[in-house]
Amino acid sequence: MSATNAMNATNTTNTTAPQEDPRADCTVDEDGRITWHLRLPATTPPRLLLRLRPRKGEAEGNRHVLGLDRVADDSWRAVLEPGLRLAEGRWDAYALLGPDEERLRLRSGLRDLRALVTAHTREHPAPVAVRIPYATKEGYLAVRAWLRDAHAETSTLTTTDRSMTVSAGLHGAYLAEDAAVVLRRRGQGGEERRTGLDASADRRGFSFTVDYGDLSADGPGRIWDVFVHPGADAPRIRVGRLLDDVADRKTVFVHPAAAVSGSLVRPYYTADNDLSVEITSA
């Protein structure tokens, strides 16, 4: 093959290669507004698709499509306003191209989440809507969203060899005089343990201590989910840590286990960033 023919063959191969997944940067402000920036060669304005990731065995469900505005050649911008609430779950980001809506998965670029670091210090009215952009294990861009009628945000969690003490604050609700913390055993039966709490003057902040011996009395193989019951006429509220820049807390914040009555007792954050206590064999 001549040099000219070889060059032509190489050019043909390059032009027919699949398009590389585009990369998007994003910034979140204190109001929860997410601004997206991406570079994408396109003859017609593309759009940004957020698709709720279906659970195993479920069909594809919720979608939100955002218009992209051109800010320069091949540079586009979209805004997800705070008023557009995302259902709780994980939302994958795509670019939609052309009239046939070809879908390209967006890779994660720079994510400016500095405004979220102090989110727990601001009051969040009901319903409590939280959105944290993050990179998946494969490097793609996604948004972890929570949407709850009310939320109890942990601020500190300290452990000893016999107990854990938690400080937290309510968002979207207040504590009545008969408020209590409820630990409910996961699974069939729904066995419960109740413990008192100390409420702050504004009836939003509270702290409580859980005795490990009470939870481990029946042996290992149990998980207890932590709730606060604001009052007799109010629904229970899950305790967790959602109001910062950490989308997946489970493997990042690991608390020590304590050996109690032949079992290991360990508080941990679930895949949904909710607080639970695990009892396993020592």
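The values are calculated or read from the model by the stated rules, or taken from the named source; none is laboratory data. None of these values were measured; they are calculated from a predicted model. All Cβ positions, glycine included, derive from the backbone under ideal geometry; neighbour counts span all protein chains shown. With ligands, DNA and RNA removed, areas are computed over all heavy atoms of the protein, side chains included. Shrake-Rupley method; radii C 1.70, N 1.55, O 1.52, S 1.80 Å.
Consider the stretch 89-137 and keep the residues that are of a type in the set (Asp, Glu) and under 17 Å from the mean Cα position of the chain (by Cα). The one that is farthest from residue 37 (Cα to Cα) is 92.
Condition (residue is out of contact with any Ser or Thr (no Cβ under 7 Å at 6 or more places or on another chain) and part of a strand (DSSP E or B)) applied to the stretch 244-256: is it met by at least one residue? Within the stretch 244-256, none of the residues are out of contact with any Ser or Thr (no Cβ under 7 Å at 6 or more places or on another chain) and part of a strand (DSSP E or B). If you check 147, 170, 141 for being touching a residue at least 60 places away in the same chain (Cβ under 8 Å) and surrounded by fewer than 19 Cβ atoms within 10 Å (Cβ to Cβ), only one passes: 147.
Going by the structure shown, is residue 190 modelled with pLDDT of 95 or more and under 27 Å from residue 147 (Cβ atoms)? No: the conditions fail for residue 190. Do we have any residue at all in the stretch 227-250 that's acidic (Asp, Glu), open to solvent by 20 Å² or more (accessible area, probe 1.4 Å), touching a Leu at 6+ places or on another chain (Cβ under 9 Å) and without any contact (Cβ under 8 Å) to a residue 24 or more places away in the chain? Within the stretch 227-250 (the criterion being acidic (Asp, Glu), open to solvent by 20 Å² or more (accessible area, probe 1.4 Å), touching a Leu at 6+ places or on another chain (Cβ under 9 Å) and without any contact (Cβ under 8 Å) to a residue 24 or more places away in the chain), the answer is no, since none of the residues qualifies. Residue count for the stretch 186-208 satisfying the condition of being open to solvent by 70 Å² or more (accessible area, probe 1.4 Å) and in contact with an Asp or Glu (Cβ under 9 Å, 6 or more places away or on another chain): 1.
Of the set (1) surrounded by 12 or more Cβ atoms within 10 Å (Cβ to Cβ); (2) free of Cβ contacts under 8 Å to residues at least 60 places away in the same chain; (3) of a type in the set (Lys, Arg); (4) farther than 18 Å from residue 28 by Cβ, all apply to residue 105 but (2). Of the numbered criteria (1) loosely packed, with under 12 Cβ neighbours inside 10 Å; (2) touching a helix residue (DSSP H, G or I) at 6+ places or on another chain (Cβ under 8 Å), the one residue 132 fails is (1). Taking the conditions exactly as written (aliphatic (A, V, I, L, M), closer than 28 Å to residue 243 by Cβ, under 13 Å from the mean Cα position of the chain (by Cα) and open to solvent by less than 20 Å² (accessible area, probe 1.4 Å)), does residue 86 satisfy them or not? Criteria met by residue 86. Test residue 93 against the stated conditions and say whether it is open to solvent by less than 30 Å² (accessible area, probe 1.4 Å) and more than 30 Å from residue 272 (Cβ to Cβ). No, not satisfied.
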